[in-house]
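The values are calculated or read from the model by the stated rules, or taken from the named source; none is laboratory data. On a predicted model such as this, the values are computed, not experimentally measured, just so you know. Here the Cβ positions follow ideal geometry from the backbone for every residue, glycine too, while neighbour counts run over all protein chains shown. The accessibility values were calculated without ligands, DNA or RNA, using every heavy atom of the protein model including side chains. Shrake-Rupley method; radii C 1.70, N 1.55, O 1.52, S 1.80 Å.
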Amino acid sequence: MNCTRFVPILLLAAPLLVSGPALAQQAAADKPTPPPAIKSLDLTALDKTADPCTDFYQFACGNWVKNNPVPGDQTRWARSFSLLRERNRFLLWQELDAAAASPKSPLQKQFGDYFAACMDTSTVEKKGLTPIQPAWKAIDGLTDVKQLPALVSQLENHGTPVGFFNFGVGQDDKDSSKQIAQLFQGGLSLPDRDYYIVDNKHFAEIRAQYVEHLKKMFALAGDAPEQAAKEAADVLRIETAMAKASTSRTDLRVPENRYHVYTLVDFEKMTPAFDWKTYFQAIGIGSFDSLNVATPDFFKALSGLIQSEPAGAWKSYLRWHSLHGQAQDLPKAFFDENFAFFGKTLQGQEDPIARWKQCSSMTDYALGEAVGQDWVKQNFPPAAKASMDKLVAALEKSLGDDIKTLPWMTDPTKKAAEEKLAMIRNKIGYPEKWRDYSSIKVDRGDLIGNVHRSTVYERNYNFAKLGQPVDEKEWGMTPPTVNAYYDPSFNDINFPAGILQPPFFDFTIDPAVNFGGIGVVIGHEMTHGFDDEGSKYDGKGNLREWQTAEDRKAFTERTDCLASEYSGFEAAPAQGDTAAQMLNGKLTLGENTADNGGLRIAYLALLDTLAAQGKSIDEKIDGFTEKQRYFLGFAQVWCQNQTDQASRQAALTDPHSPGRWRVNGSVQNFDEFGKAFHCTKGQPMVPASSCRVW
Ligand SMILES: [Zn+2]
């Protein structure tokens, strides 16, 4: 989707799962059909030939995995996330389609028109590249790299994607009550810096295919073959230099590594080739004297690159980013070529997704809190909110109990941890106060114009936060989203209405399954407040050590145990002469810590809940005890298939482990699992030694 130019929220928060497959266009025959209901616990998914003590994922998911290959329009197909995401999107489409046909309010008219403009592919074809011509004309006028700050700001002011870097306003890591200017590395098109710089056959092939893709896109835009080849070489050279100067994802997970406050004067001295004063003035942000430069090495290198590359090369770079960043909104030829490389080659997605799916997601992305108002009325009754409040309270209590009994933590640190826990705020379902999008002009015949105006609106909304108090009620996800997150600066957990549905959350089923589903999700998000990253922040959301030195050392020994355990898991199998890819235990450490903690504390909460109801955890339903149903409910959230390409990409870029290891890694470290399934110590799911943080 269209990237907004904010400090990427994904680095500051911790969503449960990365977003879905690359959007792509137009299987004309694909008509919306109501998706099937999703079973909370599906006993037909089990592979009963597998031994749960040897490979629990295979036992819980084996039959589902065998019978549910990745559909052509997806790259990952998960029993819970994907099915629910498809269902929510269908419900959203019904709402958008009705609003586009006969809106009943100004709000419905606005999002109905936004959706209709996206669906109107004949107008998109007719307009061709006309909507981006003004930007290209401005780029053509570049004669000297000194003009870059003025040009880049001019393009951004019209919503044109430019690459280069990310800039926005965000909370100061060391004083979360302040909102300050922040600069962050960026400027790449491939999914990670490794794609540019790792010297092996796999990446060399991808780079060669990328160059072909660049040439094809420039040729589609009307450039002669020699010109397209020159532009492609410019883009690859500039992006490779940016990649070399970028900090790795793993290093960026360490909050101290992305906190470098400079005065504007010092920052300008350090990066003389780009006139920041001109840029900041032209983009219309208020004045400021200092800013956080998350990745100083990147900006030093960028300044050098601006001096060493001629104006002509920057023209190629800017033309490319305007094409690439808007390819999904351009005529079919651009869309298809973009899909062929970024969808099919990079991720193994066979077919483009249907236009109605693309346009529904796009409207949710741009106007989510307008669309969401009707969506939650239909799909999130007040009783669901009340049940969630109870579940969250149960999980808070069990995390508190867990902290009290932790074997490795001293009392002063336990007290500090309990204080932080007590300060976590909960946001459930949807915002108390909705965003007002009324100033965005939506034109039913102007898809790209709508996207530009929405992009600029979001940017200005973010800029207006500079120096203002923090709005604690703000949400980072739209209501129909199937995901959840913890934000360390807010110290809050957020559960959109979209995930509070079966199979995660089901009124009609026994508590064990709900605790294994949404209970573990809640526990996961709470534990993020105490993972290797979240634990660096205090209850007020400030980067400040609250553990004693002794406890921090003990904590790190435990997180090191998890990191090395998960580094031993295979993320993608060997294929031909391409070696198997192992998981990066450091990149996935926060998520794995949260999975392990979530599984433990949701179990404790289930015990409490059943005890309060006078029920036994050994009671059987459909042949399984409540204990066993808890672990099965948990595991079946993560049944999934994934293309090999997507597995390889995720191993480099996704801080989450694949489903198999989210399940087997977590149960291996929790002795209650072995007891529930009567395993013997030494079997694979009950190893002689295991890791535990929380
Ligand atoms: Zn997470």
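On the protein heavy atoms, probe 1.4 angstrom, tell me the percent of accessible surface of the chain carried by carbon and sulfur.
That fraction is 54 percent.
Roughly speaking, what is the stretch gain from residue 675 to residue 144, that is 0.36 nm per residue apart minus the C-alpha to C-alpha distance, in nm to one decimal?
Answer, rounded to one decimal: 184.1 nm.
Can you divide the C-alpha Rg of the stretch 308-384 by 2.2 N^0.38 Å and report the result to two decimal places?
The stretch 308-384 yields a ratio of 1.61.
Toward the positive end of the charge dipole of the chain, about the Cα centre and with charges on Cβ (Lys, Arg +1; Asp, Glu -1), which of 688, 417, 486 goes farthest?
Working it through, the farthest residue towards the positive pole turns out to be 486.
For the stretch 378-534, take the alpha-carbon Rg, divide it by the Kirkwood Rh, and send me Rg/Rh.
Computed over Cα atoms, the ratio is 1.06.
Testing the spin-label approximation: label points 7 Å from Cα along Cα→Cβ at residue 683 and residue 408. State their distance in nm.
2.7
Mind checking the full-extension length gain between residue 423 and residue 125? Use 0.36 nm per residue of separation minus the Cα-Cα distance, one decimal, nm.
So the extension gain works out to 102.0 nm.
Need one value: the accessible area of residue 87 in square angstrom, 1.4 angstrom probe, rounded to the nearest 10.
In the full protein context, residue 87 sits at about 60 Å².
Quick check: pseudo-label points 7 Å beyond the Cα along Cα→Cβ at residue 43 and residue 109, how many nm apart are they?
5.5
Mind putting a number on the dipole of the stretch 510-553 about its Cα centre? Charges go on the C-beta only, +1 for Lys and Arg and -1 for Asp and Glu, and I need it in Debye to the nearest 20.
The calculation lands at about 160 debye.
Roughly how many Å² of residue 551 are accessible to a 1.4 Å probe, to the nearest 10?
Its accessible surface works out to 0 Å², give or take rounding.
For the stretch 265-345, what value does the Rg/Rh ratio take when both radii are computed over Cα atoms and Rh is the Kirkwood radius, given to two decimals? It would help to have the intermediate numbers written out before the result.
Numbers: Rg = 17.1 Å, Rh = 15.5 Å.
That ratio equals 1.10.
Between helix 411-423 and the chain, what is the angle of the helix's C-alpha long axis to the longest principal axis, kept within 0 to 90° and rounded to the nearest 10?
So the inclination is approximately 60 degrees.
Run the numbers on the chain and let me know its relative contact order in percent, using alpha-carbon pairs under 8 Å that are six or more apart.
So the answer I get is 23 percent.
Roughly how tilted is helix 589-612, in degrees to the nearest 10 and between 0 and 90, from the longest Cα axis of the chain?
The angle comes out near 40 degrees.
Can you tell me the relative contact order of the stretch 608-694? Whole percent, Cα pairs under 8 Å, sequence separation 6 or more.
Numbers: 50 pairs, mean separation 16.3, N = 87.
Across the stretch 608-694, relative contact order equals 19 percent.
Give the accessible surface of the chain per residue, rounded to a whole number of Å², with probe radius 1.4 Å and ligands, DNA and RNA excluded.
Counting only protein heavy atoms, the per-residue value for the chain is 38 Å².
Which order do 446, 595, 618 take when ranked by solvent-accessible area (1.4 Å probe, heavy atoms of all protein chains), largest first?
Largest accessible area first, the residues go 618, 446, 595.
Rounded to a whole number, what is D in µm²/s for the stretch 635-694 from Stokes-Einstein with the Kirkwood radius over alpha-carbon pairs (37 °C, 0.692 mPa s)?
252
Counting each pair of different Cα atoms once, what's the Kirkwood radius of the chain in Å, rounded to one decimal?
The answer is 26.3 Å.
More than 25 Å apart: what percent of Cα pairs in the stretch 561-694 qualify?
On the way: 2871 of 8911 pairs.
Across the stretch 561-694, Cα pairs with separations above 25 Å total 32 percent.
Take 270, 388 and sort them by solvent-accessible surface of the protein heavy atoms, 1.4 Å probe, largest at the top.
Heavy-atom accessible area, descending, gives 270, 388.
Return a whole-number percent for the relative contact order of the stretch 281-416, with Cα pairs under 8 Å and 6 or more residues apart as the contact set.
On the way: 20 pairs, mean separation 8.3, N = 136.
The normalised contact order for the stretch 281-416 reaches 6 percent.
Mind grabbing the accessible area of residue 288 for me, 1.4 Å probe, Å², rounded to tens?
30
Separation of the stretch 252-288 and the stretch 118-144 by C-alpha centroid, Å?
Between the Cα centre of the stretch 252-288 and that of the stretch 118-144, the gap is 31 Å.
Suppose every Lys and Arg Cβ carries +1 and every Asp and Glu Cβ carries -1, with no other charges. What dipole size does the stretch 47-97 come out with about its Cα centre, to the nearest 20 debye?
Computed charge dipole of the stretch 47-97: roughly 40 debye.
Excluding residue 690 itself, calculate the net charge of residues whose Cβ lies under 10 Å from the Cβ of residue 690, where each Lys or Arg counts +1 and each Asp or Glu counts -1.
Spelling it out: positives minus negatives among the neighbours equals -1.
Which order do 124, 70 take by accessible area at a 1.4 Å probe, largest first?
Values: 124 15, 70 40 Å².
Output order, biggest surface exposure first: 70, 124.
I'd like the orientation of helix 225-244 relative to the chain: the angle between its Cα long axis and the longest Cα principal axis, in ° from 0 to 90, rounded to 10.
Once rounded, one gets 50 degrees.
Summing -39500 (n - 2.57) over the DSSP H runs of n ≥ 4 in the chain and dividing by its residue number, what mean residue ellipticity at 222 nm do you reach, to the nearest 500 deg cm²/dmol?
Working: 28 runs with 347 residues, N = 694.
It lands at -15500 deg cm²/dmol.
Using a simple charge model, +1 on the beta-carbon of Lys and Arg, -1 on the beta-carbon of Asp and Glu, nothing else, what dipole does the chain show about its Cα centre, in debye to the nearest 20?
My answer is approximately 700 debye.
P(r) of the stretch 203-249 in 10 Å steps, Cα pairs, percent per bin?
Going from the shortest bin to the longest, the percentages are 27, 47, 22, 5.
Could you tell me what a quarter of the Cα convex hull surface of the stretch 138-269 works out to, in nm² with one decimal place?
Over all viewing directions, the stretch 138-269 projects a mean Cα-hull area of 10.5 nm².
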